[in-house]
């Protein structure tokens, strides 16, 4: 069975970094890995999801519609935007509630939906969801809001939403940021052990 | 940051991006030189090669444009050294003038041209070009990988084919191949051969007619030989009376939905790896005895037309489907393939009506790409608009500043091709009395902006030319250009100054301004607008994203700005006209998100009541 992870967020939040860690960790565990990593405009505040799929043998780089197992969203609006990859029978959501209001919402006085509303949007497509103010918590506890994604990886592994071993994630972090892995490992462990 | 897996040992399994796998394939082929100009979706080939050039021992450069890059690679290949150039589809339009003749002359060392098409336009605004037509026009042997493993393996093979048959070979991908990741089993890395020797060879290189016709004949023979020799690359899977011919990422989507299409029972699949020349004997054999054939290919019906023509001779009764059931526009995905084939294979169409209905209803605020917080281009656009108003013609070009096309600026009236802004402005001014302002980036100026600027001087038009100099090729990930202070090998170099180039064309009316100073910018534009000579404003300010990365490496951050309590009059100039993504407007409140602010301070200059002020520093390393 292929496990499908969709990572969504706003350019600059660590979407690519997260997908590299998940893909590497899955590779360490011997899975066949496929997925997509769109570059370019994603860096410029756009909404670009990356797909990571792992299993015995994976074909398409894109997750087929309604077949995501985990939607890992670094921004709440982006969790709702990619619901078409989700299905109530199989999709878990883990969502950083730290919002980034789009410029166009400011320009045209469009309202940013409340969390309650976003939860309502997601729930018809979600088996289960976790909302966590990860960037904010990391800013306060670890001194850098950019650690939010790595902390959420810890939460996802601890809760079983991401069926990879914590050792594989730590190895993947070491491989990805060989010069200074401690900061990310600390954020990952913080997520593993986090209790609300 | 280099992907450490690029140089992993033989036999290891690693996850690579398609483009990284192409770079690895080139290294496994012993490539000695690579020259590229960045263009997404191909950029990461050069990014990967640039990062490991020193370690692997080959030469790498980011050339001035794709044509130069191709010529540099061809020069190495003329001298017996294996070389690779990578570019996006539009890059091939630039390079093609030199590609065409070198297909005739041939090469001594292997020469691979990697070209990536971008259906849907993830990173390309101007057209959904199908580069496979170039293969047919130029008689360029072409391989098409479907996944990351094939990206590596076929790059290596492309070098071998090129060197054996002495002809440049194209490796053609699309975004979903170049930007897909996959498990790759690595091969051996040999010592690269970096030293060559050009041996005079009039029989190949003296192409004046009538020798040209002999070269053409030799080329035709090469193509016929290649068509037969690489027949074995194409694969047939399954058995039945229904056939599917496919290549590229469509093959992967087809495999994905196999289980939803009754396991593709009674279906025979032909996977084309070499898509020019397509093996006539392979397709002939495949078509025999089939009742029905489907051709799955994104963009234009290139393979379909080939199959239709061939079927007339070998199996005229077979029914052929392609662009009648699938679009020529945009990308495919597993669902489009499933939906198109389902009715013919007695399978169910996928039903996503619940998803579609619900998503239509919820109406989320759009999140389009925008200029970064602190971007020097935003400051320049704001100043130019403030002085010139809305009636000016805005002649746009290619780079991050294409984002100026969007609200609230709308300051790119057209975006055509690299360097086109100046020639178009010249043409408009030859037939109208309108004021025209050109926006062209530094890298784009070096790429293709110099010839049209010389032309404007020579033929006397007077657009205001704003050169947005942010120090690097920013949009594709901060590659160096001739005006940068470092090379593609990571060495320091003396930048070529844009003002020196412009001055050498006989232009005296030059202003160099700080892109983060509204005062300097607006004064320069007023002066240029009043002048009756062609004027060049160089708006200089380092790319903020690039600067931030350098800064974070040293543990620093930008110091921030904030809205002073009680001073804001809610005029919303900063929100509606300046439109920085860090400035928020909610209810009755205007505030700056410190975590998003990159401290350029231009909003403080734009605020008419002085309500925006520096915030307290958080760390001592902040600047």
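The values are calculated or read from the model by the stated rules, or taken from the named source; none is laboratory data. None of these values were measured; they are calculated from a predicted model. When we count neighbours, we look across all protein chains shown, and the Cβ atoms used for this are built from the backbone with ideal geometry, even at glycine.
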Sort out which residues of segment A:47-106 are touching a strand residue (DSSP E or B) at 6+ places or on another chain (Cβ under 7 Å), closer than 20 Å to residue A:120 by Cβ and free of Cβ contacts under 8 Å to residues at least 12 places away in the same chain, and write them in order of number. A:101
Of (1) surrounded by fewer than 20 Cβ atoms within 10 Å (Cβ to Cβ); (2) under 23 Å from the mean Cα position of the chain (by Cα); (3) over 30 Å from residue B:608 (Cα atoms), residue B:546 satisfies every one except (3)
Filtering segment B:306-353 down to residues that are more than 14 Å from chain A (Cβ to nearest Cβ), assigned to a helix (DSSP H, G or I), surrounded by 14 or more Cβ atoms within 10 Å (Cβ to Cβ) and without any contact (Cβ under 8 Å) to a residue 60 or more places away in the chain yields B:306, B:308, B:310, B:311, B:314, B:340
Let me confirm something: among B:30, B:57, which residue is out of contact with any helix residue (DSSP H, G or I) (no Cβ under 7 Å at 6 or more places or on another chain), more than 14 Å from chain A (Cβ to nearest Cβ) and buried (at least 19 other Cβ atoms within 10 Å of the Cβ)? B:30
Enumeration of residues in segment A:68-81 that are at the interface with chain B (Cβ under 10 Å from one of its Cβ atoms) and either farther than 15 Å from residue A:128 by Cα or modelled with pLDDT of 95 or more (or both): A:75, A:77, A:78, A:81
Options B:496, B:525; residue that is away from chain A (no Cβ under 14 Å), farther than 20 Å from residue B:422 by Cα and either touching a helix residue (DSSP H, G or I) at 6+ places or on another chain (Cβ under 9 Å) or in a helix (DSSP H, G or I) (or both): B:496
Check segment B:562-573 and report whether any residue there is under 28 Å from residue A:183 (Cα atoms), in a loop (DSSP other than H, G, I, E, B) and either out of contact with any strand residue (DSSP E or B) (no Cβ under 6 Å at 6 or more places or on another chain) or at pLDDT 95 or above (or both). no
Sort through B:289, B:263 and tell me the only one that's outside the structural domain of residue B:104 (by TED's automatic domain parsing) and within 22 Å of residue B:332 (Cβ to Cβ). B:263
May I ask you to say which residue of B:534, B:545 is over 25 Å from residue B:558 (Cα atoms) and in the same structural domain as residue B:458 (by TED's automatic domain parsing)? B:534
Per the filter on segment A:125-144, residues out of contact with any helix residue (DSSP H, G or I) (no Cβ under 6 Å at 6 or more places or on another chain), within 10 Å of chain B (Cβ to nearest Cβ) and assigned to a helix (DSSP H, G or I) are A:136
Only one of B:184, B:107 that is surrounded by 22 or more Cβ atoms within 10 Å (Cβ to Cβ), more than 21 Å from the chain's Cα centre (by Cα) and within 14 Å of chain A (Cβ to nearest Cβ): B:184
Look through segment A:82-100, keep the residues that are facing chain B (nearest Cβ under 9 Å) and farther than 25 Å from residue A:191 by Cβ, and return whichever of them is modelled with the lowest pLDDT. A:84
Closer than 30 Å to residue B:244 by Cα, surrounded by fewer than 24 Cβ atoms within 10 Å (Cβ to Cβ) and within 14 Å of chain A (Cβ to nearest Cβ), is that true of residue B:356? yes
May I ask you to verify whether residue A:34 is within 19 Å of residue B:149 (Cα to Cα), at the interface with chain B (Cβ under 10 Å from one of its Cβ atoms) and free of Cβ contacts under 8 Å to residues at least 60 places away in the same chain? yes
Test of understanding: among B:46, B:109, which residue is assigned to a loop (DSSP other than H, G, I, E, B) and either under 29 Å from residue B:219 (Cα atoms) or in contact with a strand residue (DSSP E or B) (Cβ under 9 Å, 6 or more places away or on another chain) (or both)? B:109
For segment B:379-393, indicate whether the set of residues that are crowded, with 20+ Cβ neighbours inside 10 Å, within 12 Å of chain A (Cβ to nearest Cβ), modelled with pLDDT of 95 or more and touching a strand residue (DSSP E or B) at 6+ places or on another chain (Cβ under 8 Å) is non-empty. no
Scan segment A:155-163 and tell me whether some residue there is part of a helix (DSSP H, G or I), away from chain B (no Cβ under 14 Å) and surrounded by fewer than 20 Cβ atoms within 10 Å (Cβ to Cβ). yes
Only one of (1) in contact (Cβ under 8 Å) with a residue 40 or more places away in the chain; (2) closer than 19 Å to residue B:552 by Cα; (3) surrounded by fewer than 15 Cβ atoms within 10 Å (Cβ to Cβ) is not met by residue A:143, so which one is it? (1)
What's the number of the condition residue B:30 fails, among (1) in contact with a strand residue (DSSP E or B) (Cβ under 8 Å, 6 or more places away or on another chain); (2) more than 21 Å from residue B:477 (Cα to Cα)? (1)
When residues of segment A:49-67 are limited to those that are more than 10 Å from every other protein chain (Cβ to nearest Cβ) and modelled with pLDDT of 95 or more, the one surrounded by the fewest Cβ atoms within 10 Å (Cβ to Cβ): A:56
Somewhere in segment B:576-590, is a residue more than 14 Å from every other protein chain (Cβ to nearest Cβ), surrounded by fewer than 18 Cβ atoms within 10 Å (Cβ to Cβ) and either out of contact with any strand residue (DSSP E or B) (no Cβ under 7 Å at 6 or more places or on another chain) or at negative phi (or both)? no
Out of (1) surrounded by 15 or more Cβ atoms within 10 Å (Cβ to Cβ); (2) out of contact with any strand residue (DSSP E or B) (no Cβ under 7 Å at 6 or more places or on another chain); (3) not in a loop (DSSP other than H, G, I, E, B), what's the single condition that is false for residue B:428? (2)
Suppose we filter A:15, A:10, A:22 for residues that are more than 8 Å from every other protein chain (Cβ to nearest Cβ), under 27 Å from residue B:401 (Cβ atoms) and in contact with a helix residue (DSSP H, G or I) (Cβ under 9 Å, 6 or more places away or on another chain); which single one remains? A:15
